[in-house]
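Asker: Below: one structure in structure tokens.
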Amino acid sequence: MKNIIIILAASVLMGCEMNTVNSPCLIYGDTREIVDTVYLNSNDVHVDIVLPTGTDNYEEYTSFGWGAEYFFLNVPTWTEFKYLDFMHVIKNSEDVVIRETVYNNKQKNWIPVPVDQYQLNMLRQHISDSYEYTDEGYRIKVPDKKNNGKYYRATGKYTFFYTCNTWTNNMLKYSSLYARKQAYLAWEITDLYK
């Protein structure tokens, strides 16, 4: 419990960060040339980034979520999450994956994030850089028959101080979008865009 309180306090105190490579603060007026909208998909515990992946004639969106393979494949809902699940993940911190879920239309609960071309390109690049690849350049698929989505090996380690939401926050930050200096919890990201 002490560790959870420390994380909450540190996260709140670290505040919000905006990389201003391309876009001034919304408070003073946003002068970006918006070319598209990406979305945040949150279940109040975990936040995915949703990118438009369709064409002019076909609406499609792909949700990308980074996290511990064990959580994605063995913990069906957060209500079934147990302390032993967390301990298993910490001991196997290098077993991380990216979950891709395809949607044929926008979902009502998604939070819109307007982007300019630079931000969209950077977001796509940083997500792509998060995958592990074979020597031939193919993403490494993780077999799964019981969950909705495709899973691929990812780079990084899941730790107490680098979680699924830290990855999402960093994807936004590295793409010059509004982000916290550090984020562990879903609301720390979603509240920036509500």
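Asker: Fully extended, how many nm does the chain gain between Asp135 and Thr31 (0.36 nm per residue separation, minus their Cα-Cα distance)?
Answerer: 33.2 nm
Asker: Spelling out what I want: for every residue of the range 105-119, take phi, set θ = phi - 60°, compute 6.51 cos²θ - 1.76 cosθ + 1.60 (Karplus), and round to whole Hz; glycine and proline get x.
Answerer: Once rounded to whole Hz, the list reads 7, 5, 9, 5, 7, 5, 9, x, 10, x, 9, 8, 4, 4, 5.
Asker: Which cross-chain or sequence-distant (5 or more) residues have an amide H under 5 Å from the amide H of Asp36, H modelled 1.01 Å from N in plane?
Answerer: Amide H neighbours of Asp36: Val115.
Asker: Restrict the search to the range 31-122; then list the trypsin sites (Lys or Arg not before Pro) that DSSP places in a loop and that have at most 10 other Cβ atoms within 10 Å of their Cβ.
Answerer: Lys82, Lys108
Asker: Near Lys82, which lysines are there with a Cα under 22 Å away, not counting those fewer than 8 places off in the same chain?
Answerer: By straight Cα distance, Lys82 reaches Lys2, Lys91, Lys146, Lys157.
Asker: In square angstrom, what is the accessible area per residue of the range 107-194 with a 1.4 angstrom probe?
Answerer: For the range 107-194, the per-residue accessible area is 52 Å².
Asker: Hey, which lysines would be in cross-link range of Lys106, C-alpha to C-alpha under 23 Å, not counting anything within fewer than 8 residues on its own chain?
Answerer: Within reach: Lys150, Lys194.
Asker: Short version: ³J(HN,Hα) in whole Hz for each residue of the range 61-66, in order, from phi by Karplus 6.51 cos²θ - 1.76 cosθ + 1.60 (θ = phi - 60°), x for Gly and Pro, what are they?
Answerer: Along the range 61-66, the couplings run 9, 10, 9, 10, x, 9 Hz.
Asker: Can you give the log10 of the normalised intensity I(q)/I(0) at q = 0.17, 0.20, 0.24 Å⁻¹, computed with Debye over equal Cα scatterers of the range 54-164?
Answerer: One equal scatterer on each Cα of the range 54-164 leads to -0.99, -1.25, -1.43.
Asker: For the pair Asn104 and Thr159, how long in nm is the line joining their label points, each one 7 Å along Cα→Cβ?
Answerer: With each label placed 7 Å out from Cα toward Cβ, I get 4.4 nm.
Asker: Carbon and sulfur atoms: what percent of the 1.4 Å accessible area of the range 48-194 do they account for?
Answerer: Taking all protein chains in place, the range 48-194 shows 51 percent carbon and sulfur surface.
The values are calculated or read from the model by the stated rules, or taken from the named source; none is laboratory data. Because the structure is a prediction, the values reported are computed rather than measured. Cβ: placed from backbone, ideal geometry, glycine included. Neighbour counts: every protein chain shown. For accessibility, only protein heavy atoms count, side chains too; no ligands or nucleic acids. Shrake-Rupley method; radii C 1.70, N 1.55, O 1.52, S 1.80 Å.
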